[in-house]
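Structure record follows, encoded as structure tokens.
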Amino acid sequence: MEERRPDPDLLLKEAQQEEERKHQGKLKVFFGAAPGVGKTYAMLEAAWQQRLEGREVVAALVETHGRFETNSLLAGLDILPRALIEYRGVILKEMDLDAVLSRKPQIALVDELAHSNAPGCRHKKRWQDVFELLAAGIDVYTTLNVQHLESLNDVVAQITGVVVRETIPDSVLDRADEIELVDIPPDGLLQRLKEGKVYVAQIAEKARENFFRTGNLLALRELALRRTAERVDAQMESYRRVKGVRELWPAAERILVCIGANPRSIRLIRTAKRMAAGLRAEWLAVTIEAPVKVRPSQQDLLQLAEHMRLAESLGAETVTLSGHKVSEELLSYARSRNVTRIIIGKPTHPRWKDRLFGSVLDEVVRGSGDIDIYVITGESGEAEPRPAVMAEKAPTPRHEWLLSLLAVGLSTALAALMYPHFTLVDLAMVYLLGMVLTASRVGKWPTLLATFLSVAAFNFFFIPPLYTFTVEDGRYFVTFAVMFVVAFVISRLTLRVREQADSARQRERRTAALYHLSRELAHEEGQEQLSAIAVRHLSEVFSCQAVVLVPDAQGNLAVPVTGRHTFALDPRELGVAQWAFDHRQRAGLGTDTLPGAKALYLPLVTAGKAIGVVGILPRPADTPFSPEQLHALESFANQTAMALERASLAEEAQKALLKIETETLRSTLLSSVSHDLRTPLAAITGAGTTLLQGGTRLDEGSRQELVQTIVEEAAHLNRIIRNVLDMTRLESGAIQVNREWQSLEEIVGAVANRMAGQFRDHPLTIKLPSDLPLIPCDGLLIEQVLGNLLENAVKYTPDGMAITVSAAAGEQEVAVTVADRGDGIPPEKIERIFEKFVRGRHVGGGAGLGLAICRGIIAAHGGRIWAKNQPEGGSVFTFTLPTGPTPPSLEQEPEGAIA
């Protein structure tokens, strides 16, 4: 077999699918052609094999139908009790889904996959229960007959004459990890039926006369074999694509099926699904909104919505188009999507309508070009989906009737004024103008009333003999007929233009709303703000109430924002929203999952992860959304999901950045402090060891010098530890500034006296004006600031060079300056010199925290601090302190703390 380099995109997609399904259970389907072939028996045999291998197997729901062999195999397995559901006074037994989830076995046996659950269950269909078990990581063994596949429903009905009501989407079978065909020849199945191994005697006899006929069984067996072969073929195709095996077939086909509200559209959908499955092709279900002779009723629109949902459930991409001409719009879209085959319904109306109004089928065939056209008919017994809700038709407003009467009256008055000077043809044009204007403002029935009254008024007031409905000249009947037809056609065209304009305005409104939503979401970051924006736009566009739910720290959904556009959620509604979040599927009103909910819940999913749920409560209540509205809602939900994800990622990035900065600071602090602690500790240890070992051999001067070294290095060590603690207190906000009226001369004098020993080699010059005011500050903290600045000056100033402390009073602040004659600050570090762990030049010890502490203390006082280099050499550090309110005079005693 010739191979090539595998497609990276397909490999990535395959890896993603494998990773996603790694945490899900495996689905094994025992597939058969008809009841009685032994599917349940084969499932139980496989279950016993797995149990002997040590796996936990429970029978969640197994229907034995009283068969002895099946009951024998079921005995010994763990059987879960069934849930009892009361419906219309009858107790129905269904699978207890919550019990299975709570037990969480390795394998669950769930018979009859196509079964419809009783009303009141969480899901409408049992296959949805199975999917929830798979999502919980539970393997499922189940059974299915071929006649329950949705795409084969009409074929089975044509073969057997029986319309199967319980069906499943073909995608359910496609989801199966393994399909085991349980096959038996028709003669063998009939023999089992005769022996009572399928049904009891009375039912078996009736079944043999109807469904269980040899021809039927042969046809069903062929369908089952073909469907299984298609599955194997699809697996082989997937393998070829992933492994890079060269293709043997031409480019893929694309199929388009045109559907409408007619129940025969169901067969078109199923035919398209089967054709697409056989050709391994994409397929699209398209409906076209175009001007029609008869406006579709609300029931027709609901019927069309059901057909679109059916197509979506079978895997189609559904599209709604609008245009003036159906055939042109259909062919234009087909060519834009590179469609190779179009499936369209066979017309059922009389042929004279095609000759009079034109045939859509004929126009499509003639304009199709290279596209193949398949014309399909439906059966008269085609099952019709039942719409969820039948809305009542709104009555025509009273003002439209009055407006139509007013238009006729004004036209008659104008014609009466023109009558002496103009011909009857001109008067007829006046009435036509009135009818056109009426049609542009009112509905169909008021327009028809205006048309009829206009013709009658024209006859009564202006056709001889006047003021009677009698007509002397028969040619006027032709005039009346032409006038009525022209007026009717013009009014209908005007109504259609209005309808198209209304539809276009509605679409434009939703598109504009989506644009405004995305633009507003792009400018906000907070979760509450984003949720409020989404709720407001949803309520305005869809005339509903909405709510956004996001998970809290425990993973439970909570509402971040409430308001007039939101609605309250009771525990039941909150449970539906939680289910939609956990399973990343829509639930609630109008869906197959928990349809009894009052609202629709859409999961907010991005990159395969659910980040929230949006709930939509329609007005009026219990009115399901159409497919077009659902698509628009999903677009809004996607925009909201991306915005919430962006906010979440930004928050996570901020936390990650903060964590990185914290780790960096911690590492820098430990590195710096550990190095600076070792220096004084080594000096102390060395001096102490010398004293201990030298004993009496050391003279008094040497001992005094060693003791002095220990004291000085201990003080150095104390300053380092104090700086670290002060920096920690400043950043945590633990330092309290106790402002009192202080004299700057006393603060400078206290610091100079305490550090007198350090100025032996550096003369200290103090220049303080005599008129300095008292300053409201924390004296101890300002002493620490001056001490840190002077220690830096001593460290970086050569011996013999003076250090100067000066001050100057301004209008609202006092500036204090510490200047030295050292090497100055490197220019690249002047802007960063007050940051933590930044040192001007690496001279002596120090953790680089002293200046950062100074900045923190001065900022807490409301002042400023900065540094610069002097032109003649050295650096200057200046800080300011606000003078505050009028201070007391120097002769008075300060009056305590200032608030």
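Worth a mention:
- The chain shape via C-alpha gyration tensor axes, a/c threshold 1.5: oblate
- Accessible carbon and sulfur surface of the range 594-652 relative to its total accessible area, %, 1.4 Å: 55 percent
- Anisotropy class of the range 62-189 from Cα gyration tensor, a/c 1.5 cut: rounded
- Nearby lysines by direct alpha-carbon distance to Lys325 (threshold 25 angstrom, same-chain neighbours under 8 apart not counted): Lys293, Lys346, Lys353, Lys444
- Pairwise FRET efficiency - Asp233 versus Leu356, Cβ, R0 = 41 Å, nearest 0.05: 0.30
- GluC sites (Glu not before Pro) within the range 87-142: DSSP coil, no more than 13 neighbouring Cβ in 10 Å: none
- Based on C-alpha pairs under 8 angstrom that are at least 6 apart in sequence, the chain has a relative contact order of 7 percent.
- Across the cross-link table entries Lys39/Lys273; Lys104/Lys598; Lys22/Lys104; Lys39/Lys125, which are compared at the Cα atoms, the separations over 23 Å belong to Lys39/Lys273; Lys104/Lys598.
- Simple spin-label estimate for Thr689 and Asp183 in nanometres, 7 Å along Cα-Cβ: 9.1 nm
- For the range 757-799, trypsin sites (Lys or Arg not before Pro) meeting the loop criterion (DSSP other than H, G, I, E, B) and having at most 11 other Cβ atoms within 10 Å: Arg760.
- Trypsin sites (Lys or Arg not before Pro) within the range 808-838, DSSP loop, no more than 16 other Cβ atoms inside 10 Å: Arg832
- Here each label is just a point 7 Å from Cα along the line to Cβ, and for Phe68 and Glu317 those points are 5.8 nm apart.
- Taking the charge dipole of the range 428-574 about its Cα centre, with +1 at Lys and Arg Cβ atoms and -1 at Asp and Glu Cβ atoms, the residue from Gly443, Phe480, Cys544 reaching farthest to the positive side is Phe480.
- The packing ranking, built from the mean of other Cβ atoms within 10 Å per residue, places the peptides 305-317, 477-489 in the order 305-317, 477-489, highest first.
- Cα gyration tensor shape of the range 508-584, rounded if a/c is under 1.5, else prolate or oblate by comparing a/b with b/c: prolate
- To put it simply, the accessible area of the range 727-824 at a 1.4 Å probe is 45 percent carbon and sulfur.
- Kyte-Doolittle at least 1.0, axis length at least 30 Å by Cα - qualifying DSSP helices, the chain: 398-418
- A 1.4 Å probe run over the protein chains yields, for the chain, 53 Å² of accessible area per residue, whole-number rounding.
- Atom-type composition of the exposed protein surface of the range 91-165 places 50 percent of the accessible area on carbon and sulfur (1.4 angstrom probe).
- Rounded to the nearest 20, the Cβ-based charge dipole of the chain about its Cα centre (Lys and Arg +1, Asp and Glu -1) stands at 3340 debye.
- Where Leu97, Leu84 fall by accessible area, highest first, once all protein chains stay in place (1.4 Å): Leu84, Leu97
- Solvent-accessible ranking of Val408, Val737, largest area first, probe 1.4 Å: Val737, Val408
The values are calculated or read from the model by the stated rules, or taken from the named source; none is laboratory data. Owing to the predicted nature of the structure, the values given are computational and were not obtained by experimental measurement. Methodologically, a virtual Cβ is constructed for each residue, glycine included, from the backbone with ideal geometry; neighbour enumeration extends over all protein chains shown. Heads up: the accessible areas ignore ligands, DNA and RNA and are worked out on the full protein's heavy atoms, side chains in. Shrake-Rupley method; radii C 1.70, N 1.55, O 1.52, S 1.80 Å.
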